[in-house]
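Data first, discussion second: the structure below is written as structure tokens.
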Amino acid sequence: MLLPQLSARPWALSRDTVLPDVRGLADSPSTEAAVNALIHGPKQEGASSGTVPERVTIGWGRRDLVTVPKQAARASELFPDAVLHWFERCGHFPQWDAPKEATRLILDRTDRG
């Protein structure tokens, strides 16, 4: 029932794609703590221009229903040196909706491609 929040096209996902990720979230001892920190923890402070020693890339799905696209402006303000990459036709999990593009972005931005 939560797949539409995580994927722009949940009907196109195979069980083999989704099940390991969902089970990993359910079985991880840190999931509850992470969700609690996101809800009740301090807001992200960001990093002023010139203070991050490595490249920062923010990937955002245009159809993300968890962190909606309008929040990308705030992320860009908090991390002014970051490169914002938009995943078209993608929800919260680009590894599901755009796996080749997500892989290429990671490899390109970490100089491993």
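Some observations on this one:
- Considering residues of region 89-107 that are basic (Lys, Arg) and over 13 Å from Arg9 (Cβ atoms) only, the residue surrounded by the fewest Cβ atoms within 10 Å (Cβ to Cβ): Lys100
- Taking the criterion of being under 13 Å from the mean Cα position of the chain (by Cα), among the hydrophobic types (A, V, I, L, M, F, W, C) and in a helix (DSSP H, G or I), the residues of region 89-112 that qualify are Trp96, Ala102, Leu105, Ile106.
- From the list Ala26, Ala98, Ala8, the one residue that fits, being touching a helix residue (DSSP H, G or I) at 6+ places or on another chain (Cβ under 7 Å) and either on the phi < 0 side of the Ramachandran plot or among the hydrophobic types (A, V, I, L, M, F, W, C) (or both), is Ala8.
- Qualifying positions in region 1-52 - in a loop (DSSP other than H, G, I, E, B), among the aliphatic types (A, V, I, L, M) and more than 17 Å from the chain's Cα centre (by Cα): Met1, Leu13, Ala47, Val52
- Options Val22, Val18, Val56; residue that is at pLDDT below 90 and surrounded by 11 or more Cβ atoms within 10 Å (Cβ to Cβ): Val22
- Test: residue in region 72-86 that is in contact with a Cys (Cβ under 8 Å, 6 or more places away or on another chain) and modelled with pLDDT of 95 or more: no
- Against the criterion of being surrounded by 12 or more Cβ atoms within 10 Å (Cβ to Cβ) and out of contact with any strand residue (DSSP E or B) (no Cβ under 6 Å at 6 or more places or on another chain), Thr51 does not qualify.
- Of all residues making up region 77-88, the number that are over 14 Å from the mean Cα position of the chain (by Cα) and surrounded by fewer than 16 Cβ atoms within 10 Å (Cβ to Cβ): 4
- For region 73-96, the set of residues classified as touching a strand residue (DSSP E or B) at 6+ places or on another chain (Cβ under 7 Å) and in contact (Cβ under 8 Å) with a residue 40 or more places away in the chain consists of Cys90, Gly91, His92, listed by residue number.
The values are calculated or read from the model by the stated rules, or taken from the named source; none is laboratory data. What you see is a predicted model, and the numbers here were worked out from it, not measured in a lab. A quick note on method: Cβ atoms are made from the backbone with ideal geometry, for glycine too, and the neighbour counts reach across all protein chains shown.
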